[in-house]
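Structure, as C-alpha cells:
Derivation of every value follows stated rules applied to the coordinates shown; laboratory data play no part. Since this is a predicted model, take the numbers as computed values, not measurements. Cβ: placed from backbone, ideal geometry, glycine included. Neighbour counts: every protein chain shown.
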Amino acid sequence: MGQITFGRRSIVVFLLVIFMSLGAGWIGCSTTVKQQQSGQPVTEATGEKKAEEFVWGKYYLDDVRIPDELNYDASGSMVYATPKFKAGLLRFSKWRLDVQSLIDFFTYNMEKDNWKFVNSFRGNETQLSFAKPDKTCDIRITESWTGMTHVMILVGPLGEKKM
C-alpha cells in the first residue's frame, strides 16, 4: 500500500513540475527581435524625441549590428584588431528566440550598414553571407532541441587578387 501511494505521489509531483514549467513559458514576458525592430524610439520626459537617430542593437565590430537580446559569449569569441581593420569570431545565444526574426534583423541591418547580400543557406541551420569591398561576414544561426538559439558571426578580410 505504501509503495502504491508513493508511486502515485511521484507521478503527481512529476506532472505538476511539467505543467508549471510549461505555464512559466507561456506566462513569461518575451519579445522577439522583429517586435523590437518595429518599436518606437524612446522619448524624453517633455515628449520630444531625441535629436540623434535611435538604433536597435549594438556594434561589437565596427559595422556588424547585433540585437540587444542576444547574450555575448566571451569565452567562445575572439576579435583581431588593427588601427584600420577589425575581424573576428563572435558567439551569442538566447533561449526561446524566433530564428526568422533574427534572419530578418540581420538581413535588414546588414544592408542598411552597406553590406551586400551574397547568399543564404536555410535548413536545420541558417547561414547568411554578406560582403563589402574589403571584407566578408558570415552569420550562422542554429537552434537546439532545448530551444536555445545560437548565433555565430565570422568577419574576415577579403582575399587579395593574385597577379
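Overview of results
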{"item": "Paramagnetic reach from residue 140 (point 7 Å along Cα→Cβ, amide N under 19 Å) across region 73-103", "result": "73-80, 87-95, 99-100, 102-103"}
{"item": "Restricting region 80-111 to trypsin sites (Lys or Arg not before Pro) in coil, as DSSP defines it, with at most 11 other Cβ within 10 Å", "result": "84"}
{"item": "143, 111 arranged by Cβ crowding within 10 Å, fewest neighbours leading", "result": "111, 143"}
{"item": "Nearest-0.05 FRET efficiency for residue 160 and residue 68, computed from C-beta distance (R0 35 Å)", "result": "0.45"}
{"item": "Per-pair calculated FRET efficiency, R0 = 35 Å: residue 18 and residue 108 via Cβ, rounded to 0.05", "result": "0.40"}
{"item": "Ordering of 136-142, 67-73 by packing [mean C-beta count within 10 Å, highest first]", "result": "136-142, 67-73"}
{"item": "Sparse-neighbour loop sites [chymotrypsin sites (Phe, Trp or Tyr not before Pro); region 84-163; at most 11 other C-beta within 10 Å; DSSP]", "result": "145"}
{"item": "Cα-Cα over 24 Å, subset of 94/135; 86/116; 58/94", "result": "94/135"}
